[in-house]
Amino acid sequence: MLKCVLIVHLNTVSPPFLKYIPMNTPKSSLMLLILLSLLAVHSQAEEKHAAHSHGLGTLEIAIDGKMVKGTFEIPMESLLGHEYLPRSATEKKAMADLQTAASKASYFVGFPAAAECKEKSLTAESAMFAGKKSEHSDLDVDFEFECAKPQALNQIEFPLFAKHPRLGSLKVDLAGPKGQKSLTVKAKDPVLRW
């Protein structure tokens, strides 16, 4: 009888019992199938949870020649202190103020003046802005800038941190002229440098 060993590689943490699974019986094959199914479900649940963590926003940004394009995803709890539709006059005003402020890219990002970047487009959307209830509401922001002097782009500032103390950090995936990087920008130093 042929005996095989399957080595399972997982992206993050793998329990020791999953590293080597002997595959010499139909029962072992069935057990492997069950374990892999459970891992897939667990992985999806972790990804969904990781995609929405209070205090943590995400930013994917690409710098290509003169163009800078980015996408933020920030939990509304980090911006407003709650994810439910506003009830009080104070909560309603805070959300209206956020919606107004979110119409300007300078609320989120700042580029060096020497780069001469001009906003080309901005969309900021949230189910809460549309009056829709959601268990976990996010603010999704897409922006695009054109920079006359992209060689002067060496950092991005995030004024958003000063306005929202519940936002502790941004996980940033950057693709630019010097390659790709994954970094974390924290509220205590709200500048991405490269």
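Nothing in this text is a laboratory measurement; each read-out follows from the coordinates by a stated rule. Values in this document were obtained by computation on a predicted structure and should not be read as measured data. Cβ: placed from backbone, ideal geometry, glycine included. Neighbour counts: every protein chain shown.
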Which net charge results when you count Lys and Arg as +1 and Asp and Glu as -1 among the other residues whose beta-carbon is under 14 Å from that of Ser78? -1
Potential lengthening between Thr100 and His136 on full extension [0.36 nm per residue; Cα-Cα distance subtracted]: 10.8 nm
Summing Lys, Arg as +1 and Asp, Glu as -1, what charge do residues with Cβ under 12 Å from the Cβ of Asn154 carry, Asn154 excluded? +2
Determine the distance separating the Cα centre of region 137-194 from the Cα centre of region 54-100; give it in Å without decimals. 14
Within-15-Å neighbourhood charge of Lys186 [Cβ basis; K, R +1; D, E -1]: +2
Could you give the C-alpha radius of gyration of region 56-193 expressed as a fraction of 2.2 N^0.38 Å, taking N as the number of residues it contains? 1.07
Please work out how much length the chain gains when fully extended from Lys188 to Glu116, using 0.36 nm per residue of separation minus the C-alpha to C-alpha distance, in nm with one decimal. 23.3 nm
